[in-house]
Amino acid sequence: MTRRFTVAARVQSFRYAFRGLWLMLTSQHNAWLHLVATIAAVVAGVALGLDRSEWCWIVVACLAVWTAEALNTAFEFLCDVAAPDFHPLARNAKDVAAGAVLLAALGSLVIAAIILGPHLWHALR
């Protein structure tokens, strides 16, 4: 059975999404680090005068990390429900999800170095 489309239901779904983002920010210490890194990237980009295509890469890099962190957080919550007591498979699943965040963060650092590095080098010379 499908429900009809309503504006009120769409507005409510956005509330749930923002609640989820807030929950991630308030419960995950690594999200604070991602927030600081995102702010630093934006400040550096503005200060260095990035062009439109460079901004696209910075935005994609930041969103990749935020998406990975959000999925990791959701996955951790689900693992905690499925296996409230220690279980090695739940630990493994959490570790793999955390590894995905690490990969996204490292990739973002590489993108930042490629985009911001030459600008910083030129500004320092």
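The numbers here are math on the coordinates, done by the rules we state, and not lab data. All values derive from a computational prediction rather than experimental measurement. Here the Cβ positions follow ideal geometry from the backbone for every residue, glycine too, while neighbour counts run over all protein chains shown.
Data overview
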| read-out | value |
| --- | --- |
| Count - residues of the stretch 13-38 that are surrounded by 11 or more Cβ atoms within 10 Å (Cβ to Cβ), assigned to a helix (DSSP H, G or I) and not small (G, A, S) | 10 |
| Conditions (1) free of Cβ contacts under 8 Å to residues at least 12 places away in the same chain; (2) of a type outside the set (S, T, Y); (3) part of a helix (DSSP H, G or I): number failed by F86 | (3) |
| Among residues of the stretch 1-12, those that are among the β-branched types (V, I, T) and not in a helix (DSSP H, G or I), counted | 2 |
| Residue ID - nearest to Y16 (Cα to Cα), chosen from residues in the stretch 46-78 that are in contact (Cβ under 8 Å) with a residue 24 or more places away in the chain and surrounded by fewer than 14 Cβ atoms within 10 Å (Cβ to Cβ) | T67 |
| Residues (within 12 Å of the chain's Cα centre (by Cα) and touching a residue at least 12 places away in the same chain (Cβ under 8 Å)) located in the stretch 24-45 | M24, Q28, N30, A31, H34, A37, T38 |
